[in-house]
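Reading through the structure tokens given below for one structure.
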Amino acid sequence: MRGRRALLVCVAALVAGGSAATLSEVRAVQAAAAQATSSAPPPHRAVLDRYCVTCHNARLRTAGLQLDAADVGNPAGNAAVWENVLHKLRTREMPPPRVPRPDAAAYDALATYLESALDRAAAAHPNPGRPAAYRLSRFQYANAVRDLIGLEIDAAALLPADDSGYGFDNIGDVLTVSPVLLEKYLSAAAAISRLAIGDRSLAPTSTDYQIPPATVQTDRESPDLPVGSRGGIALRHHFPLDAEYALKVRLQRGKDAITIVGMTDEHRLDVRLDGRRVRAFTVGGPRRNDDDLEVRVPVTAGTHLVAATFQKNTVKLEGVLDRAGDQAFFEGVGSVSIAGPYAATGPGDTAPRRTIFVCRPRAIADDPSTSSGSSRASSRDEDTCATQIVTALARRAYRRPIRKDEIPSLMRPYRLARERGGFEDGVRLALQRILVSPDFLFRVEVEPPGVAPGSAYRVSDVELASRLSFFLWSSIPDEALLGLAERGRLKDPAVLEQQVRRMLADPRATTLVSSFVGQWLYLRNVQAVLPDPSAFPDFDENLRAALAKETELFFESMLREDRSLLDLLRADYTFLNERLARHYGIPGVHGAEFRRVRVTSDERKGLLGKGSVLTVTSYPNRTSPTLRGKWVLENLLGSPPPPPPPDVPSLKEDKDVSRLSMRERMAQHQANPVCASCHARMDPLGFALESFDGLGRWRPGVDASGVLPDGTKIDGPAGLRRVLLDRKEQFVATATERLLTYALGRGVEPYDMPAVRRIVRDAAPRDFRWSSLIAGVVTSVPFQMRRAR
């Protein structure tokens, strides 16, 4: 009986580890285990020998572990191995189900011993890691340009997308530089500097703003559009010069991309600039085309609000009937294009110019017409002002003080361009040079002199300021933060705490939602999903936008109100507009604007009831308990399953199984024993969400029950929520590990786990509020320190 039980232990563990053991190997392990047991080892070694060594030994090496030879008396000697063991113990993943397992007291005793030993060793000999030089991600680059010179740019039009690692696109190891990317940086810097300064030689260009074709335009679509409007678009566009610009509207096309929909009756289309109507067009009726929906208007340089929208007809029902789909279609705006500048008169007074030109040579200040070209200002006066402008830009861009010996090279582009053009031409070229400097594009941390090799040291205040601002804002430090760092005050814990509070209250902290949360929970993928129209005929772009907006507002409220991380699971409110409320079957919500709504049904509470989450964890034509279960394991519990073997077929989709329920189809799939071990962990979690369809709509009467490998029963999203809250420490530790990964811009290593545990312990008295977790990350060893070469 004992031999059979040991054999089962090995087989179960080896299947999960992807290895195989012979009967003779198992018997040899049994003999070794019996001999070890007879020598009366210490308690922790006895637990390992009885429950773990049978499979994790030098002969079998299951999952790469050799616990028979590992020194449990000195966990710090092989922290990577013992952190792995500790994780398996805390999550009760090992030993495998249906084989002998320790009781709860033995589990906790060994886990507590390992945790204490590893944490003590980390405190005595900190290892903060040594991150590589970071290139700014495309997202960070756009934010840095915005905060440096006050100019919003379309980074996607200028730079290629970044690779990602560990689930995030700000990981230093994968942010490489290629010759093509260098060329893109050069062209981006030239374009940005010309837009910011207002180069009079700018040739006319055209920018198109598209509305997704499947957008239903039946109501006021934005608070930036006038009351009583229907459909259309409101956008903010940067006009580089005081000049004339052509605003052209194209109308929405049908499924053939040619026919303009809803043109039976006449309707009025308004084109507006900063809320003021600049032209009204009559469309529809006898006028069946949009060839001449264009107006040319003078616009002052700077960012302005451009809108194109229909006036809503409140007298009769608008729209035409699409007989094939029984769906009402309304004429709508398809795109707005802005072309120019034409007949430019000057650079104007824009936010970027006010930010850049912190001073003016006296003659230019008296007579702005001399700003480019010949100037009556003395060369010395111009040079003094230009030096002030360029060094101020470089200081902010490089996130550190500028040394005197750097000024000549910074001013060289200015002097070259000044000789050929004027004062502003020189400043423009100097700015262009700053935007392609490695000091701007990379976050480089310099090792101080005299540091012992391999030792841990605190990063400088200015380096800490950059770490903090790129963590919370995905951008460069502002003047307040950089000024404190330059004066050496950021190392003061009270000052640092005050800065973290200030920065979290700043609107720029919403990047934690769009960037961190969006990648951690895959919510960015909402923009890319393509539901099958035959399976989900009601899906439209309004629903896509609403699914994303609901989750964005939900997480913003978590940060703004400093709620507990556990409220992600248990919150009894959400944010809805009419389109999303109708999708969820929630009455009493009207209009396109979102508002906070109390959730009364258990299934919609917290993250598990969000349509965005349920959509990105589904296939285009159906739900997937496996994808949803894997998402829970990986992102909420930190226990991702191993990748499937390469020769395992996917779920059958042929006609023979089309009439089977999802549960029946999964049962067929799990008949393969190689699949069963991992699916037993994933699928019960996913089946708990099976009452939601592939777009997060509730389906009553669906069997959403399941049993976890440890015997825990789950029934529906409320049951899954209870399981996650029962394992709240595991959930909080997982979220903290992801937050630390994002903050550091590198993967969390075994030597970082003591820091993760400390952050979680310190946040527990405050119910794991977001501010306490973020403060814990900021004050942690890996965030504040660095290992010497």
Original post:
Among the residues of segment 61-68, is there at least one that is closer than 25 Å to G711 by Cβ, of a type in the set (S, T, Y) and not in a helix (DSSP H, G or I)?
Top reply: no
Per the filter on segment 418-457, residues in contact (Cβ under 8 Å) with a residue 40 or more places away in the chain and part of a loop (DSSP other than H, G, I, E, B) are G421, G422, V436, S437, V444, E445, E447, V451, A452, P453, G454, S455
**Item:** Filter result for D572 (at pLDDT 95 or above, under 22 Å from W770 (Cβ atoms) and buried (at least 18 other Cβ atoms within 10 Å of the Cβ))
**Value:** no
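Which one of Q252, Q217 is modelled with pLDDT under 95, of a type in the set (S, T, N, Q) and touching a helix residue (DSSP H, G or I) at 6+ places or on another chain (Cβ under 9 Å)?
Q217
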Residues in segment 117-176 that are of a type in the set (S, T, Y), out of contact with any helix residue (DSSP H, G or I) (no Cβ under 7 Å at 6 or more places or on another chain) and at pLDDT 95 or above total 1
Condition set out of contact with any Asp or Glu (no Cβ under 8 Å at 6 or more places or on another chain) and of a type in the set (S, T, Y), scope segment 128-185, selection most open to solvent (accessible area, probe 1.4 Å): answer is Y166
Scanning segment 460-495 residue by residue, the ones that are open to solvent by 10 Å² or more (accessible area, probe 1.4 Å), farther than 21 Å from A394 by Cα and touching a residue at least 60 places away in the same chain (Cβ under 8 Å) total 1
Notebook entry, point to check: Is there a residue in segment 435-450 that is acidic (D, E) and under 26 Å from E183 (Cβ atoms)?
Noted result: yes
If we keep only residues of segment 231-274 that are basic (K, R) and touching a residue at least 12 places away in the same chain (Cβ under 8 Å), then the residue surrounded by the most Cβ atoms within 10 Å (Cβ to Cβ) is R272
Turns out the helices (runs of 4 or more DSSP H) fully within segment 564-623 with at least 3 residues that are closer than 13 Å to P717 by Cβ and of a type outside the set (K, R) are 611-616
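Give me a count of the residues in segment 164-215 that are in a loop (DSSP other than H, G, I, E, B) and in contact with a strand residue (DSSP E or B) (Cβ under 7 Å, 6 or more places away or on another chain).
The number of residues fulfilling the criteria is 8.
Please work out which residue is surrounded by the fewest Cβ atoms within 10 Å (Cβ to Cβ), limiting yourself to segment 353-381 and to residues that are assigned to a helix (DSSP H, G or I) and modelled with pLDDT of 95 or more.
Ranking the candidates gives R354 first.
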If we keep only residues of segment 496-508 that are surrounded by 15 or more Cβ atoms within 10 Å (Cβ to Cβ) and not charged (D, E, K, R), then the residue nearest to the chain's Cα centre (by Cα) is L504
Counted residues in segment 396-417 being part of a helix (DSSP H, G or I) and either without any contact (Cβ under 8 Å) to a residue 12 or more places away in the chain or open to solvent by 50 Å² or more (accessible area, probe 1.4 Å) (or both) come to 7
Over segment 196-211, the set of residues of a type outside the set (S, T, Y) and open to solvent by 60 Å² or more (accessible area, probe 1.4 Å) is R200, A203, P204, D208, Q210
Check your understanding: Is it the case that segment 115-127 has a residue that's within 21 Å of T355 (Cβ to Cβ) and either open to solvent by 40 Å² or more (accessible area, probe 1.4 Å) or of a type outside the set (F, W, Y) (or both)?
Key -> no
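The values are calculated or read from the model by the stated rules, or taken from the named source; none is laboratory data. Treat the numbers as computed from the prediction; the structure is a model and nothing was measured. Cβ coordinates were reconstructed from backbone atoms using ideal geometry, including for glycine residues, and neighbour counts include every protein chain displayed. Heavy atoms of the whole protein, side chains included, go into the accessibility calculation; ligands, DNA and RNA do not. Shrake-Rupley method; radii C 1.70, N 1.55, O 1.52, S 1.80 Å.
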